[in-house]
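Accompanying notes for the structure given below.
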Amino acid sequence: MKLKGEKEESSDYKEGSKGKITLLLALVALISAFGSSFQYGYNVSVINSPAPYMQDFYNQTYFNRHGVPMDSGFQMLLWSLTVSMFPLGGLFGSLMVWPLVNNCGRKGTLLINNLFSIAAAILMGTSELAKTFEVIILARIIVGIYAGLASNVVPMFLGEMSPKNLRGAIGIVPQLFITLGILVAQILGLNSILGNAKGWPVLLGLTGIPSLIQLLVLPFLPESPRYLLIQKGNEEQARQALQKLRGWNDVDDEMEEMRQEDRSEKEEGHFSVLSLCTFRGLRWQLISIVVMMMGQQLSGVNAVFYYADRIFQSAGVEKNNVQYVTVSIGAINVVMTLLAVFIVESLGRRILLLAGFGLCCVSCAVLTLALNLQTTVSWMSYLSIVCVIVYIIGHAIGASPIPFVMITEMFLQSSRPAAFMVGGSVHWLCNFTVGLVFLYMEAGLGPYSFLIFCAICLATILYVFLVVPETKNKTFMEINRIMAKRNKVEIQEDKEKLEVFRTVPGGQAENKVISSSVL
């Protein structure tokens, strides 16, 4: 049944909208993901390997200043701050998304963001020479702000530039570079390379190099055509950018689809976070991204990595070789995320979300059993290793990459920045909370803490199965119409109004037309 104002799409439009990867589109994806997302991953794991040497530096610096060794409790506090300031900075960065992308554009925000990364790299790289550990903690906040902005703006930027049949694949590229960043940090952090007493300042300072490359190259690449047309009202620049990205001159169909989106939301203007949270027409989209982001971060990925070292040691891996096993897990993470890039357009988003969280759920349940029985049953330690690998695979194909793709797809241009701000804030707040709470959970519950993660994964699966639609190969307007039915609103593009359906006594449906600007 057709909604009012919905135009019949011709087969020519459907065929014409099938884009291909052009050299320029690939370059935009690689430069923005390498210059931004890569560093998010890099800074997640860069301090893990050199932690003992950095703590020695903290202690030695304190001793040189005060003539007495640092108290162990104070040292633990300083190190906890060093670790936790990164996700806290990420939360601050997420809160900056809405004002920056609306005022400076997607590309402009990425360029400004590089300044945070370069400043943090200089501070961390020179901290030993300056004999100050305080700047490392400060730099971790700054690089956290950088990662908070990057983790939201890059998926938004690439999602708006991609043709609908490649939007999922290109939307996973940022997550692929996050996993690459983690892997590179693990490799460079090996004791034989930079994870030692002399190399750690260089290891921390290297984070500025990708930003420098992006700062030099990105200005020559196009801005998001949707931002140029819908938010800046510059049709000619939008057309030129779209022609360059698609590799052909006939972009009338995509331009018309963008104009249609522009008309449908003209009255609302830019959504703030408050208006997004109170707007009935986007209620289920907002609930969905909050649930998916909470599921992503509260599903136990940090706990699995925390337990990985002792799981491998209990299986007979020598302590000195555990770092190489950690690198191999990082490599599996990269390979499976790369696989997700190639299968997301054929299998769809829902399948990958359900399969990913499903694998994580089963892994957490079996891992609880295996960890409890490994002292009495010898082969249980090997089962634990299998559970860790299966969990990493599940998270890499669904739980990690797909939620950010879904934020891009479930919201239109006017509400997308506010949606990313909400989703990103939930992402970083949950990340920060897990970092704070997990050690207490582990101390109190031990391996049984994985049952909590198992329950969270199961709850996320049920929600995705019941509520989240498939968005594969659909335009933003088509997805918006699907969600409008769930929100009990009907989009009338010709009158720029929303028709709200409600049931009156007696079971009769009453239509009430309300201007979308006052909803």
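The values are calculated or read from the model by the stated rules, or taken from the named source; none is laboratory data. Since this is a predicted model, take the numbers as computed values, not measurements. Methodologically, a virtual Cβ is constructed for each residue, glycine included, from the backbone with ideal geometry; neighbour enumeration extends over all protein chains shown. We work out accessible area using only protein heavy atoms, side chains counted, and drop any ligands, DNA or RNA first. Shrake-Rupley method; radii C 1.70, N 1.55, O 1.52, S 1.80 Å.
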Please specify each residue of region 371-421 satisfying the condition of being small (G, A, S), more than 15 Å from V301 (Cα to Cα) and without any contact (Cβ under 8 Å) to a residue 60 or more places away in the chain. S378
Please work out if S84 is outside any loop (DSSP other than H, G, I, E, B), in contact with a Leu (Cβ under 9 Å, 6 or more places away or on another chain) and over 25 Å from V327 (Cβ atoms). no
Within region 368-382, does at least one residue satisfy the condition of being under 24 Å from V184 (Cβ atoms) and either outside the structural domain of P87 (by the TED database) or hydroxyl-bearing (S, T, Y) (or both)? no
Mind checking which pairs have a first residue in region 189-205 that is among the charged types (D, E, K, R) and a second that is in a helix (DSSP H, G or I), Cβ under 9 Å, 6 or more apart or different chains? K198/Y53
Evaluation of N191 against (1) open to solvent by 20 Å² or more (accessible area, probe 1.4 Å); (2) more than 27 Å from Q323 (Cα to Cα); (3) not hydrophobic (A, V, I, L, M, F, W, C) (one fails), failing number: (2)
Hey, among A399, A365, A443, A370, which residue is under 30 Å from K164 (Cβ atoms) and of a type in the set (A, V, I, L, M)? A399
In region 243-279, the residues that are touching a Leu at 6+ places or on another chain (Cβ under 6 Å) and at pLDDT below 85: E261, E265
Looking at this structure, is Q313 over 20 Å from the mean Cα position of the chain (by Cα), surrounded by fewer than 17 Cβ atoms within 10 Å (Cβ to Cβ) and modelled with pLDDT under 90? yes
Check A51, A33 and return the single one that is open to solvent by less than 60 Å² (accessible area, probe 1.4 Å), at pLDDT 90 or above and not assigned by the TED database to the domain that holds N333. A33
Quick one: N113 ticks every box in (1) open to solvent by 10 Å² or more (accessible area, probe 1.4 Å); (2) among the polar types (S, T, N, Q); (3) assigned to a helix (DSSP H, G or I) bar one, so which box is it? (1)
Considering only residues that are open to solvent by 10 Å² or more (accessible area, probe 1.4 Å), assigned to a helix (DSSP H, G or I) and of a type outside the set (A, V, I, L, M, F, W, C), which ones fall in region 228-254? Q231, E235, E236, Q237, R239, Q240, Q243, K244, D252, D253, E254
Neighbours by Cβ (under 8 Å, 6+ apart or cross-chain): first from region 446-475, more than 24 Å from E409 (Cα to Cα); second surrounded by fewer than 19 Cβ atoms within 10 Å (Cβ to Cβ) and of a type in the set (G, A, S): F450/A365; L451/A365; C454/A365
Please verify whether region 349-363 includes one or more residues that are farther than 21 Å from A315 by Cβ, out of contact with any helix residue (DSSP H, G or I) (no Cβ under 7 Å at 6 or more places or on another chain) and surrounded by fewer than 19 Cβ atoms within 10 Å (Cβ to Cβ). yes
What's the number of the only condition in (1) within 26 Å of V341 (Cα to Cα); (2) surrounded by 24 or more Cβ atoms within 10 Å (Cβ to Cβ); (3) of a type in the set (A, V, I, L, M) that V143 fails to meet? (1)
